[in-house]
Amino acid sequence: MATVERVRVALGERSYDVVVGAGILAGLGEALTALGRGRRALVVSDAGVASRYGAPAADSLARAGFATVRATVPAGERSKSLRQAARLYDAAIAGGLDRGAWVVAVGGGVVGDLAGFVAATLFRGVAFCQVPTTLLAQVDASVGGKVAVNHPLGKNLIGAFHQPRLCWGDVATLATLPRRELRCGLAEVIKHGMMADAAYLDEVEAALPRALAGDPAVLARVVAGSVRIKAAVVAGDEREESGARQCLNLGHTVGQALEAVAGYGRLHHGEAVAVGLVAAGEIALRQGTGWAARDQERLVGLLRAAGLPTRMPAGIGREDLLAAMVRDKKTLAGQLRWVLPLRTGAVAVGQLVPEPVVREVLADVGAAA
Ligand code: NAD
Ligand code: GLY
């Protein structure tokens, strides 16, 4: 087996390990056993991963002596709903789970967010384990304890902070991930380097062709590097109270507005974030934060090399984007706050940007008048 990397998320009594390796799925039961607690588990996956990875995860738990209940939700963002959460409560209670039980999420960010929300609320909170199977979930969504379902009026509006007790990231699962999803994960990887660690971005740049080709050893290094960055941010501002965690929103102000305006599903989250990163860099250039033209060129080159878009798709209106940004959660007293790059590896949060600059940049990245 290739090297297994272990990253600690240091949160006092809520600390936990993120374990990253190739071919580690079969060891899940043993790893959960080592953490103690009850011997019952609700294993949640979606229809895209249930037989491939949900079943082997449940088998591993059963071999380790766990009584498991399996539940499958439809694949896709629409499953992050109170309706699906209610189905999972039903399965857990009917299956005899108790306060000492585990909820184990096997899948991408949708399954992780939904199952985590159920873990946070079932019996006022039970132990949670993440088994992420998309690159995006391995480098971002499974780490940090943000769990949520969507409300018809917006994404992630109903949720909690509920840290997992273990993240078990098997990069071998990425072999079956559609390439478009792999690229979306790379957008968050590039974001992490751009925001916090220039040396890591160098490593990602060099590793990109092999990561895109699915080399498990390279993917494990890339994932572990990204997790280290996210773990440090989360440890410094678990509940996004000091503002430090907001750096993870680099590229998300424009990215999330673009997702909303394009209509969820047309653009994937990572693709929208890629365009958002370019827009944040363009704003930083105009605001004179220290971000240089060569940093911007490199960013655009990297995103392109990862097969990600760097401009808006056709038909996205500037005014619609602005309206969506203001509706977003990143406004304080009605004012948009931006995360802007200062140089590769450093950002400033809470930045105010004059609206004409935002309009100009949106036009520059391809938004229609
Ligand atoms: P996803 O969970 O919808 O997974 C994408 C698709 O890939 C699904 O169809 C799934 O069935 C399939 N899939 C998953 N693993 C596979 C594999 N190994 N092989 C083949 N197919 C596989 O999407 P995602 O991009 O992982 O997650 C997006 C969600 O994550 C969004 O809801 C977003 O809000 C959330 N998110 C949460 C956080 C957080 O901090 N909690 C951070 C970022 C994103
Ligand atoms: N994905 C943003 C965060 O975890 O804070």
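Computed from the coordinates by the stated procedures, all read-outs in this text should not be read as laboratory data. Only a predicted model underlies this, so the values are computations on that prediction, with no experimental measurement involved. Virtual Cβ from ideal backbone geometry, glycine too; neighbours counted across all protein chains shown.
Some observations on this one:
- Sequence-separation-based contact order of segment 41-199, relative, with Cα cut under 8 Å and 6+ spacing, percent: 20
- Segment 1-29 and segment 240-292: distance between their alpha carbon centers, rounded to Å: 29
- Among residues other than residue 221 with Cβ under 12 Å from its Cβ, the summed charge is -1 (Lys and Arg +1, Asp and Glu -1).
- A full extension of the chain between residue 160 and residue 205 corresponds to an added length of 12.7 nm, given 0.36 nm per residue minus the alpha carbon distance.
- Most simply put, segment 7-94 has about 30% antiparallel DSSP beta bridges, counting only bridges with both residues inside it.
- Using alpha-carbon coordinates, inclination of helix 198-212 to the longest axis of the chain, degrees: 70
- Taking the charge dipole of segment 66-182 about its Cα centre, with +1 at Lys and Arg Cβ atoms and -1 at Asp and Glu Cβ atoms, the residue from 111, 127, 100 reaching farthest to the positive side is 111.
- Three-way shape label, the chain, alpha-carbon gyration tensor, a/c 1.5: prolate
- Lysine pairs in the chain whose alpha-carbon atoms fall under 18 angstrom of each other, counting only those eight or more residues apart or on distinct chains, come to 10.
- Whether segment 235-355 is rounded, prolate or oblate, judged on the alpha carbon gyration tensor where a/c under 1.5 counts as rounded: rounded
- Rounded to the nearest 10 degrees, the inclination of helix 216-236 to the longest alpha-carbon principal axis of the chain is 80 degrees.
- Charge-dipole axis of the chain as Lys and Arg at +1 and Asp and Glu at -1 on Cβ define it, positive-most pick from 235, 341, 253: 235
- Counted over the chain, the DSSP beta bridges are approximately 35% antiparallel.
- Global geometry of segment 73-139, whether rounded, prolate or oblate, following the gyration tensor of its Cα atoms and the 1.5 cut on a/c: oblate
- Spin-label model distance (nm) - residue 98 vs residue 11, 7 Å beyond Cα toward Cβ: 2.6
- Contact order, relative form, for segment 183-305: 27 percent (alpha carbon pairs under 8 Å, 6 or more residues apart, mean separation divided by residue count).
- For segment 45-168, the share of DSSP beta bridges that are antiparallel, to the nearest 5, is 30%.
- Helices in the chain, meaning DSSP H runs of at least 4 residues, each add -39500 (n - 2.57). Divided by all residues, the mean residue ellipticity at 222 nm is -13500 deg cm²/dmol.
- The charge dipole of the chain, taken about its Cα centre with unit charges on the Cβ of Lys, Arg, Asp and Glu (plus for the first two, minus for the last two), comes to roughly 640 debye.
- Since only 147, 60, 300 are under comparison, the one whose Cα sits farthest along the positive direction of the charge dipole of the chain, derived from C-beta charges on Lys, Arg, Asp and Glu, is 60.
- For residue 197, distant residues with modelled amide H under 5 Å away: 345
- Reported to the nearest whole Å, the Cα centre-to-centre distance from segment 295-369 to segment 106-126 is 31.
- For the chain, the relative contact order works out to 15 percent when only alpha carbon pairs closer than 8 Å and six or more residues apart are counted.
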